[in-house]
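Read through the structure below, which is laid out as structure tokens, and then see the notes.
The values are calculated or read from the model by the stated rules, or taken from the named source; none is laboratory data. Just so it is clear, the model here is predicted, and its values are computed rather than measured. Counting neighbours? That spans all protein chains shown, and the Cβs are built from the backbone with ideal geometry, glycine included.
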Amino acid sequence: MNKTFIFLFINISLFLLISCEKDSSSSIKEINAHEKESLNIFKNASSVALFEEDSIWNYQIKLDKSTKSIKIPKSKLPLKNMAILSASSVGYLEALNDLDAIKGVFDAQWIYSPALHERIKDNPNLDQGNLSAINLEKVIALNPDVVIGFSDPNMSKTYQRLEEAGILMIYADEYNEKTPLGKAEFIKLYGVLTGKLDEANELYQEIETNYHSYKDLALKQEVKPTAFAEIMRGDIWYMPGGESFAAQYFKDAGADYLWSDDDSQGSVKLNFEQVYEKAAEADFWMNASDLSSLNEIQKSYINHDWFKAYKTAKVYSLSNRMNTAGANDYFEAGSVRADWVLKDLVYIFHPEVFPNHELFFYHKLGK
């Protein structure tokens, strides 16, 4: 697995605690029923809930088989001194024009945002080093209002030590969402934290409206081109399952995803023969790692050039917005702008719908 995709799993979440307590409920749906679902400002996101109460915001997130309730006092808002552990947080904060709230970042080499890199250049202290070797003393010295991170058993001891030092934290795992709009809706959490909920609601409404509009146009097309995704990694092909995040995008863009009948929410482990048997004549080959050319695809696995999509040069990767270090804006702006991602896909599968569109996140691979 290459570095960019390792980073996908490292960077997909956020963790901000202003006061935490375990809840006996085992699912967000149960919380919604108990707390009156209509009061939850999240409508598409299913892994979290956020309720406004008299003096606090009550943020609830499902962690494994339990639920954590995080009380965010309104008196502490907006938060102006944040330490963030994931690149996706950059995407949400930049969408709200609030990068100035970031006072510390980790694994800066995996952050795409040119604006944030300019800030780091002007103030090197923003770069807190590698998350795998987190310096707790440096984090404490930042005196952050909050640390935004992600739930990860491997980080539990680090989080515990930060909490024991009086650091306020919250979990916000947008990567657990099953739909693009659910992931994009996390902009509302950042809206609460930055005191820009109205702006966040307005932006999300725009994203949601655009998304449904593009989806409706795509589904009206008579022809649904066939598609498959990913590449061989070693001797395994990790194909997105039929209930996965990627599969949802392909379906909404009017494609016939060849593994749509699979009920997996994650990836399905296949060998080359299994993929070739089903996808040899597929029209499109999507999400072909971060590779930038057909030659690189062929070099990564010698039989990649057997597929019709390779021969007809209909292979696409999410590499259009990558910097020289390999950081990818898809994991930042793409976390928020589900409508932009979908428009790219509709253009790829049905170019007649948006004849003048220029790909934003996706890149068509040439020789």
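Here are a few things to note about the model shown:
- Residue selected from the stretch 61-81 under the condition farther than 27 Å from N143 by Cβ and not hydroxyl-bearing (S, T, Y), by the criterion surrounded by the most Cβ atoms within 10 Å (Cβ to Cβ): K62
- Top-ranked residue of the stretch 129-143 - restricted to ones that are in contact with a Lys or Arg (Cβ under 8 Å, 6 or more places away or on another chain) and closer than 20 Å to H117 by Cα, ranked as surrounded by the fewest Cβ atoms within 10 Å (Cβ to Cβ): G129
- Some residue of the stretch 148-160 being surrounded by 20 or more Cβ atoms within 10 Å (Cβ to Cβ) and aliphatic (A, V, I, L, M): yes
- For the stretch 315-360, a residue qualifies if it is more than 16 Å from T179 (Cα to Cα), without any contact (Cβ under 8 Å) to a residue 60 or more places away in the chain and part of a helix (DSSP H, G or I), and the qualifying residues are D344, Y347.
- Residue match in the stretch 248-257 (condition: under 22 Å from A338 (Cα atoms) and free of Cβ contacts under 8 Å to residues at least 12 places away in the same chain): yes
- Selection status of F272, modelled with pLDDT of 95 or more and buried (at least 20 other Cβ atoms within 10 Å of the Cβ): no
- Within the stretch 152-186, tally of residues that are assigned to a loop (DSSP other than H, G, I, E, B), farther than 30 Å from E208 by Cβ and modelled with pLDDT of 85 or more: 1
- Residue within the stretch 295-305 that is under 30 Å from E202 (Cα atoms), touching a residue at least 60 places away in the same chain (Cβ under 8 Å) and in the same structural domain as K251 (by TED's automatic domain parsing) present: no
- Under the condition of being at negative phi and assigned to a loop (DSSP other than H, G, I, E, B), the residues counted in the stretch 219-278 number 24.
Quick grid of which residues meet (1) in contact (Cβ under 8 Å) with a residue 40 or more places away in the chain; (2) buried (at least 19 other Cβ atoms within 10 Å of the Cβ); (3) under 29 Å from V275 (Cα atoms):
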position	(1), (2), (3)
N176	yes, yes, yes
A184	yes, yes, no
K196	yes, yes, no
E206	yes, no, no
N210	yes, no, no
Y214	yes, yes, no
T226	yes, no, yes
M232	yes, yes, yes
M239	no, yes, yes
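Conditions (1) among the hydrophobic types (A, V, I, L, M, F, W, C); (2) touching a residue at least 40 places away in the same chain (Cβ under 8 Å); (3) assigned to a strand (DSSP E or B), marked per residue:
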| site | (1), (2), (3) |
| --- | --- |
| I70 | yes, yes, yes |
| L79 | yes, yes, no |
| S89 | no, yes, no |
| Q109 | no, yes, no |
| H117 | no, no, no |
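- Of I297, I302, all but one fail to be within 22 Å of E273 (Cα to Cα), touching a Leu at 6+ places or on another chain (Cβ under 6 Å) and modelled with pLDDT under 95; the exception is I297.
- From the list I302, I297, the lone residue that is surrounded by fewer than 20 Cβ atoms within 10 Å (Cβ to Cβ) and hydrophobic (A, V, I, L, M, F, W, C) is I302.
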